[in-house]
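First comes the structure, then the notes that go with it.
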Amino acid sequence: MSRRVKMDKTDRELLQIMQDAFPLVSKPWLEIGRKLNLDEEEVLRRVKRLLNEGAIRKIGPLLEPRKIGKGASTLVAMKVPAKKIEKVALIINKFEEVTHNYQRDNEYNLWFTLTANNEQRLQVLIETIKRLTGIKKILNLPTERVFKLNVRFNFE
């Protein structure tokens with residue numbers, strides 16, 4: 001079980017800004033610092049600490065695959081022997097088309113999503129991953145309809 005990250009009021013305000021109102025300017029950390037009455041270095045120190053402690057997994061945009069030319073996507077589930085799960089996950093994670101990769105407590109215990117320009121490319125990726133990992137037991141669950149949730153955390 002992972003430990004809870006200790007955060008003060010300023011950390012929570014920083015996370016709220018990063019989630020809801022990240023400034024699209026040449027010096028975003030300086031701009032966030034102005035809002036929090038901190039200098040840029042202190043903002044960066046806090047962000048790095050929150051990243052290192054696992055409160056922040058990633059800083060980056062959320063893209064709509066179909067709107068940027070990634071017209072095909074699928075969810076893949078693999079049946080991986082427990083002793084090979086780390087090795088297989090590392091192989092899968094090397095593909096830039098993999099957007100998520102999760103271990104599950106299930107017969108099919110490794111689940112990941114793939115996006116590609118078209119269905120043919122998805123099939124090539126799946127076959128390549130099967131070959132490189134040696135795992136043949138997979139479920140390919142192509143996207144039929146997209147349901148997006150706008151998950152927002154309230155840090156106040």
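Every number here is computed from the coordinates shown, using simple stated rules; none is lab data. The structure displayed is predicted, hence computed values, not measured ones. Here the Cβ is made from the backbone with ideal geometry for all residues, glycine too, and neighbour counts use every protein chain on show.
The table below lists the values:
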read-out: Tilt relative to the chain, helix 119-133 - C-alpha long axis, 0 to 90 degrees, to 10; value: 80
read-out: Anisotropy class of region 1-90 from Cα gyration tensor, a/c 1.5 cut; value: oblate
read-out: Projected label distance in nm at residue 37 and residue 12, using a 7 Å step from Cα toward the beta-carbon; value: 1.7
read-out: Formal net charge of residues neighbouring residue 85 (Cβ-Cβ distance under 15 Å; K, R +1; D, E -1); value: +3
read-out: Stretch gain in nm, segment residue 53-residue 30, where the contour uses 0.36 nm per residue and the Cα spacing is subtracted; value: 6.0 nm
read-out: Residue 67-residue 22 FRET efficiency (beta carbon distance; Förster radius 30 Å; 0.05 resolution); value: 0.95
read-out: Aspartates and glutamates with Cα under 12 Å of residue 9, excluding same-chain neighbours fewer than 8 positions away; value: 156
read-out: Contour excess over end-to-end distance, with Cα ends at residue 124 and residue 4 and 0.36 nm allotted per residue; value: 39.1 nm
read-out: Overall form of region 65-142 per C-alpha gyration tensor (a/c, 1.5; a/b vs b/c); value: prolate
read-out: Of 6/84; 67/137; 27/87; 58/137; 83/137; 67/136, those spanning more than 27 Å from alpha-carbon to alpha-carbon; value: 6/84; 67/137; 27/87; 58/137; 67/136
read-out: Tail weight of P(r) past 20 Å, computed on alpha-carbon pairs of the chain, percent; value: 61
read-out: Mean separation of Cα contacts under 8 Å, 6 or more apart, over the residue count of region 65-142: relative contact order %; value: 45
read-out: Ranked 48, 83, criterion: other C-beta atoms within 10 Å, fewest first; value: 83, 48
read-out: Region 9-52: C-alpha gyration tensor shape, a/c 1.5 cut-off, then a/b vs b/c; value: rounded
read-out: Segment residue 106-residue 153, extension gain: residue separation times 0.36 nm, minus the distance between their alpha carbons; value: 14.1 nm
read-out: Ordering of 26-36, 96-106 by burial proxy (mean other Cβ atoms within 10 Å per residue, highest first); value: 26-36, 96-106
